[in-house]
Amino acid sequence: MTEIILVAGSHGATGQHVTERLAARDDYEVRAMIRKDDQADELAALGGDPVVADLTDPDSLEAAVEGCDGIVFAAGSNGNDVYGVDRDGAITLIDAADDAGVDRFVMLSSMGTDDPDSAPDALQDYLIAKAEADEYLRQSGLNYTIVRPGELTTDAGTGDIRAADSLEMDSGDIPREDVAAVLVTALEFDPVFGETVEILGGETAIEDALEEISSS
């Protein structure tokens, strides 16, 4: 049975990897959420079915999530509107998912959200916004996984990571390709349902690393 997965932020650097990875599989139909029509061809080339919607417009989100089995939230404001997009936009999509009966919600968050005061000043509002969105998701009643990577790179993915409930923020980085692989895995990997996972590049296969967290 084919499941429909909505990727919010599908045009972003990580979201494109998520879209392409999901589209490569026969058991997923990818609904690639974009804000602008002129992004559609690029997402279609990756295998996504483009749908125009805006995180600040609940009506457009209602249509985008209709019939979806799962959602990957990989959207972000790039620092331009952290409370409007990274927090409130995520919350609006969580509400739409809940209303539509979506089964799974995977949130791309960030390491450092548990202690934003320790981050550089320029990052603190972003981390506060992400922390509040994460907590809203936890309290929503949705079947969720929150994935918090460290510093992102454009290196080729290796398929190997470190994963834990908490990692030192300055102890490594992780390719976006591997973050995308974790997000996709989290859609269907029971051991991380209801978990918040921090990830960095490492030497353990993704499923093995995630399973170790759930059993710890």
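In a simple Cβ point-charge model (Lys, Arg +1; Asp, Glu -1; nothing else charged), the range 123-203 has a dipole of about 240 debye relative to its Cα centre.
Explain nothing, just the number: dipole magnitude of the range 3-215 about its Cα centre with +1 on each Lys and Arg Cβ and -1 on each Asp and Glu Cβ, in debye rounded to the nearest 20. Intermediate values should be presented prior to the final figure.
Numbers: 12 positive and 49 negative charges, 49 e Å.
Here the range 3-215 has a charge dipole of around 240 debye.
Distance between the pseudo-spin-label points of Asp57 and Asp81 (7 Å out from Cα toward the beta carbon): 1.2 nm.
Does anything in the range 130-168 have its amide N under 17 Å from the 7 Å Cα→Cβ label point of Asp115, and if so which residues? Flagged as within label range: 131, 148-151, 164-168. Across the chain, the relative contact order, built from alpha-carbon pairs under 8 Å that are at least six residues apart, equals 18 percent. Maximal additional length on extending the Ala44-Asp155 stretch stands at 37.6 nm, based on 0.36 nm per residue less the C-alpha distance. From the alpha carbon centroid of the range 129-146 to that of the range 51-106 is 12 Å.
Spin-label model, Ser171/Gln139: points 7 Å from Cα along the beta carbon direction are separated by 3.0 nm. Of the options (1) 178; (2) 145; (3) 113, only one is volume of the Cα convex hull per residue in Å³ as computed from these coordinates, and that is (3). Simple rule: put +1 on each Lys or Arg Cβ and -1 on each Asp or Glu Cβ in the range 3-215, find the dipole, and look at Ile5, Ala53, Thr185; the Cα lying farthest toward the positive end is Ala53.
Only beta bridges with both residues in the range 3-215 are counted; by DSSP, about 15 percent of them are antiparallel.
When a/c reaches 1.5 or more, the comparison of a/b and b/c decides; with that in mind, is the range 95-140 rounded, prolate or oblate per its Cα gyration tensor? All intermediate terms of the calculation are to be shown ahead of the outcome.
Working: a/c = 3.31, a/b = 3.07, b/c = 1.08.
Note, shape of the range 95-140 comes out prolate.
FYI, it's all coordinate maths here, none of it is from the lab. Keep in mind that this is a model prediction, so the values were computed, not measured. Counting neighbours? That spans all protein chains shown, and the Cβs are built from the backbone with ideal geometry, glycine included.
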